[in-house]
Every structure is written in C-alpha cells, then in structure tokens.
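Peer 1: Structure below; questions to follow.
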Amino acid sequence: MAMLVGPNLLRRLLRLQPSAIDGGSGLIISVIHQFRSHYSTTAELSADHPNDEGNSEKKDSKWFTLPPFAKTVNASVLRAKLAGKSHLKEADESTAIKWVLKCCPELPRSLVQKLFRLRQVRRESKIVEVSDDDSQVQRIQLKRVGAKDSLNIGDRIFLPITVREFPEEKQEHGCTDEELNFIRNLELYKDPAIIVLNKPPGMPVQGGIGIKWSLDELAATWLCYDYSEPPRLVHRLDRDCSGILVMGRTQTSARILHSVFREETIGVSEHDFDNEKRILQKKYWALVIGSPRRPKGTISAPLRKVVVDDGKSDRITVFDNTKIMSSQHAITEYSVIKTSSHGYTWLELSPLTGRKHQLRVHCAEILGTPIVGDYKYGWQAHRRWQNLPESDLGKNSNEKFSKENSLPFGLNMNSGSILEKRLRLHLHCREMILPNVSQALQYLQSSTDHDLSKLKSLEIVAPLPSYMQKSWDILNS
C-alpha cells in the first residue's frame, strides 16, 4: 500500500487531520481509514460499476477521496460573536467547492474551479437494487456533483487521481541546534490554537525569489511540535519591521484569525470605527525624525499604489480622491511617547486598518515625520539629517551590545541605531490585544450558548530589537 500511496500523498493526508481543538468539526479521521476508504471504494466501484452515468471508464481508474463532509466553524460568524454581534447571518459553507478548497488548501482555486467546470468531480451515492432472487442489494455509485451543490453530513467527494501530481514539496531546511533554539526563542505565546512570534528585523515573513530563509517556512518546519499541520500566517509584517507576528496552529484557528484581521480592515470606516468593539488592537512603536504638531490624533488618509522608475518598482502614496477604486481607506491613531532635544520623537501608532506600508506613509506624508531608517519614504529627510555625535554614552552602549553573540540566519540586530551612519528601520509591533480563539473553540465544543464577547482577551508584548533598545537608551538617558 505504501508504494501505491507515495510520500507526497502521505504527507498531505497527514496534514488533513486537524488537532482535537479544531472546533469540534468532526474532521478527525485516521490516516489508515482514509487509505482503506480510498482503495476499497475504488476497487468496488471499478468491479461493480464500470459505467459512471453511462460513460465507460477503465476498471483500474482511481480516485482521490476526501474526508466525509462535516460541519465546520464559520470564521465570520465566530468573529461576530467575539465582537458581541449576534445578528450576522451564517453563510452557507456546505457547498461542494468549499469543502474541496477546505480539505485541499494546496490546490489552486483556479484548478478546483476547472475540475468542477469540466465535470470531473464526483460524489458517492448509494443506490438500492433488486437482485434476481428479489433481495435488495445496496451498491455505491459515483455521480457528478456541481460546485454549488449542497452536501449532507457524511457525503464523500472524489477527485481525479491526477490531483496527486503536485510539484515536489520543498526540501526541509537543515538546521543546527543554535538555529533551532533561536527560532523557538522567538516564541512569545503558544496555546492549542495560535503561536505568536517576535519577528526579527531583516527576516522576510514569506518566501520568494532570492529568499533563502523565511519565517513561514522555518515555522512550518520547526514549530509544528506534535501537530500534523504547520502554523499558518494570518497577517504580515514588512521585512525590515520587527515585533508581534501571529500564526494559526490549525486550519480552523487560522481561518478565524484571518477573518479577525481582515474584517478589522474591511469593517472600519471614517465615521464608525469608535462605535464597535475592537477585538483586535495593535500598537507599534516608532522613532521618527521631527515631531508632530499635535501630541496625539487620528490620521484618515486613503492610500494607493503607484508605479515608478518606468515600471521597475512601486510605492504607496496618499491619494485624495477616494472615488478611485484603486485607493484604499486607511486609518491610524497616534500619540507621542517621548520627545528628544536632538529632534527625534518616539510615537505609539495604532493602525485601525491593515494597508501595505500604512504606518510608514502616514508618518512621512501626513505627519511630516518619517520613521528613522525608512529610506523609501523619508529619503530627503535622512539626507538633511545629521547623526548624533558619538558621546561617551554612545561608546558605552556600543560596548554593551557588541558583546552579544552574532545571530543565526545572517541576522544582525545590534547595528543600525541612531549613532550609526546606516540607520535601520525603527518600527516595531510592540503590543497586540486579540481574542482568545483557543478558549472560544473550547466553549463551542461544549455548548453554543456561551457569550463569547465576554471572553478575556490575550495581551501580547514584544521587547524591542537591540538596535532600537540602544536608540531608546541613548535618547532617554
């Protein structure tokens, strides 16, 4: 059997088995059962029903079988309950295409749609026939199923065996003990539903061309622990930004957290963002050049991506015409933490929306105080700015941080403070308040009558990276 299954299918089937905390979705099916169901059902169908709806098929045809359909936690509805909303209508998540996408997240959505469009997806159907001796015989037959057809509890979906033929999975990165300890020391919080990391500056969150190490791949390789599925990203941080990064440990918790982060952006507007309970709160610390005119306030300025350098690069900019479809509403609250006689200011920034480069653009273009080390949006200010002279305090600070050991993965969090010529981005996700998804799922397993809006939220705090801590010590000494 193992030779027929193959290592890639084995890994995917293992990942299809969520942990027990997965919202009581009923998806906990043993891998052995899946193997038996796949091969025995296929053999029976081939022997007893060589014809499928009148079309002749080869007896040795094979199908890839999904787990039986079971009700799952609706992420949007759960998020609404956490926010104290009970009037949100639960969307129908029982269609065939939604079940396929949930069970096979590695399949491109376009491919799944094509399979349904070409009528290559089947559903198991039981029929009763009368034999020659007048006895009733129950047989299993595969019938075509449409993308929007509803499923009943226990229904099984069959996909062509060719869906197994994905590109080979990436090789797991070899990791030394020092690197493994470094990755696991990034953990700020962990429970059955989520894992929270203190992202180091300079490490990208996602992989791509020319990227050797990314946090999502490292987490998938080394932070699964006893889970059969890897942690999943639910939001992003810029490569040069540091601080709190939340990942879902199961498919269900990731969907819920993604809904929380997405809806906080979609649901907020210029007029009603103070009227709704904010179940997600993010606070960034930033060191900026100059000082805002007012010690605190709210920035409401839409953003838009523009292409520059003859299409070679792009940047985000404030765009006044909100009627243009490509502009995105963006809101940021800010307050001054401390000012310095040297012309620097520490700000606390609370984004109410999650737009790309939102904080960096709002600071540079609206407040007129670009973030230290942000050469993309504050190049002119950095050209005019004079670095601090290296005082005795600076020398002592350099000696203090130079004693730290060099970090794995080519990272360096010591250099880049305000004493040095090449400044690093001084933007750090310092605090985050988010709903306790793990406890909410536990309550849903036992009863649906709990008032989830009264659950105590999780409060996470991430220490500053070394170079930002150095700048803080210098300016506040």
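Please treat every number below as a calculation from the coordinates, not as lab data. Bear in mind that the values here come from a model prediction, so they are computed numbers and not experimental data. Note: ideal-geometry Cβ built from the backbone for every residue, glycine included; neighbour counts use all protein chains shown.
Peer 1: Cα-Cα over 32 Å: which of K98/K212; K296/K421; K114/K190; K277/K338; K212/K454; K102/K143?
Peer 2: K98/K212; K114/K190; K212/K454
Peer 1: A follow-up question, please. Kindly rank 101-111, 434-444 from highest to lowest mean number of other beta carbons found within 10 Å of each residue.
Peer 2: 434-444, 101-111
Peer 1: What's the extension gain from S94 to L411 if we count 0.36 nm per residue and subtract their Cα-Cα distance?
Peer 2: Value of the extension gain: 109.5 nm.
Peer 1: Could you give me the ³J(HN,Hα) list for region 248-255, computed from phi with Karplus coefficients 6.51, -1.76, 1.60 and θ = phi - 60°, whole Hz, x at Gly and Pro?
Peer 2: So the Karplus estimates, Gly and Pro as x, are x, 8, 10, 5, 5, 5, 5, 5 Hz.
Peer 1: If amide hydrogens are placed 1.01 Å from N in the peptide plane, which non-local residues have theirs closer than 5 Å to the one on L352?
Peer 2: Hits under the 5 Å cutoff: I331, T332, E333.
Peer 1: Now a separate question. Past the 28 Å Cα-Cα mark, which pairs from K305/K470; K148/K305; K199/K470?
Peer 2: K305/K470; K148/K305
Peer 1: So what J values fall out for region 454-470 if you push phi through Karplus, 6.51 cos²θ - 1.76 cosθ + 1.60 with θ = phi - 60°, rounded to Hz, Gly and Pro as x?
Peer 2: Running phi through 6.51 cos²θ - 1.76 cosθ + 1.60 with θ = phi - 60° gives 9, 5, 6, 6, 8, 10, 10, 10, 10, x, 5, x, 4, 5, 6, 4, 4 Hz.
Peer 1: Hey, can you grab everything whose amide H is under 5 Å from the amide H of L427? Only 5+ residues off in sequence or another chain; H modelled, so Pro and N-termini drop out.
Peer 2: Placed amide hydrogens put S242 under 5 Å from L427.
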